[in-house]
Amino acid sequence: MDFLRWLFEAKLEFAGGGFLLWREVLGNLFGLASALGGMRRKVWAWPVGILGNILLFTVFMGSVFGSPLYANLLGQAGRQIMFIVVSIFGWYRWQQTRKSDATHAAVEPQWASARTRVLLVVALVAGTAVLTPVFTALGSYPPVWADAWIFMGSLLATYGMAKGWVEFWLIWVAVDIVGVPLLFASGYLASAFMYIFYGAFTLMGFFVWWHIRSREGAPSDGAPTDGELRGGEIADAPSVPHTSAEAK
């Protein structure tokens with residue numbers, strides 16, 4: 001009980017009255033560790049991420065959990081619940097892959113088909129349009145469309161990670177571009193700065209998975225080739241298979 005009381009009340013205070021909630025800091029650190037594990041295709045990325053989601057849910061539903069921050073971001077809070085549900089699916093999916101072939105990583109990156117890419121874009125835009133009036137009615141912090149965009153993008157990116165689509169990293173970039181100004185405006189400074197870092201990190205993750213996919217086999221329809229990754233020339237040499245050293 002003493003630890004829980006400290007966790008809910010602890011603040012990192014600055015001169016001039018500014019502060020950060022330790023829950024927000026710790027939740028984002030768990031999220032960063034999960035992203036790193038995801039880039040390395042480690043199964044432990046999912047449960048670590050869930051711990052961060054639980055902490056951040058209590059932060060973004062500030063008034064419910066007695067947080068001194070005044071802005072409730074319903075999209076941010078709701079996406080933590082969504083993360084937990086989808087992460088359980090991803091955790092199970094990656095774990096099953098590991099059990100079927102323990103010498104390989106938990107997921108093999110693959111390019112989504114052209115049809116899937118179109119569906120992802122449509123789902124992101126349509127989902128944002130549908131959720132914006134819902135979040136507005138519930139009293140989310142404006143601009144509410146940004147909160148809805150973050151929720152939908154996070155849902156699609158997490159699902160894409162579970163499926164092993166390389167493009168899921170780019171969805172995170174789209175989330176970060178909208179999320180940074182919203183979080184700064186609503187006073188969630190730790191999350192805002194972490195989003196800036198995430199933006200660079202997700203771009204790196206995209207190129208890491210792109211490289212892994214290029215060397216492990218022929219990409220799916222519509223995907224960049226190994227030669228394109230190196231600068232536009234189509235390579236004649238066969239792809240080099242990955243080794244068990246990359247596995248968990």
Subject >> Residues GLU167, GLU24, GLU108 arranged by fewest to most Cβ contacts within 10 Å >> reply: GLU108, GLU167, GLU24
Subject >> For peptides 120-129, 198-207, sequence by mean Cβ density within 10 Å, most packed first >> reply: 198-207, 120-129
Original post:
Can you put ARG40, ARG98, ARG23 in order, fewest other beta carbons within 10 Å first?
Top reply: ARG40, ARG98, ARG23
Original post:
Can you put TRP172, TRP44 in order, fewest other beta carbons within 10 Å first?
Top reply: TRP44, TRP172
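Read the figures in this text as sums done on the coordinates, not as results from a lab. No experiment lies behind these values; they were computed from the predicted model shown. Reconstructed Cβ throughout: ideal geometry from the backbone, glycine too, with neighbour counts over all protein chains shown.
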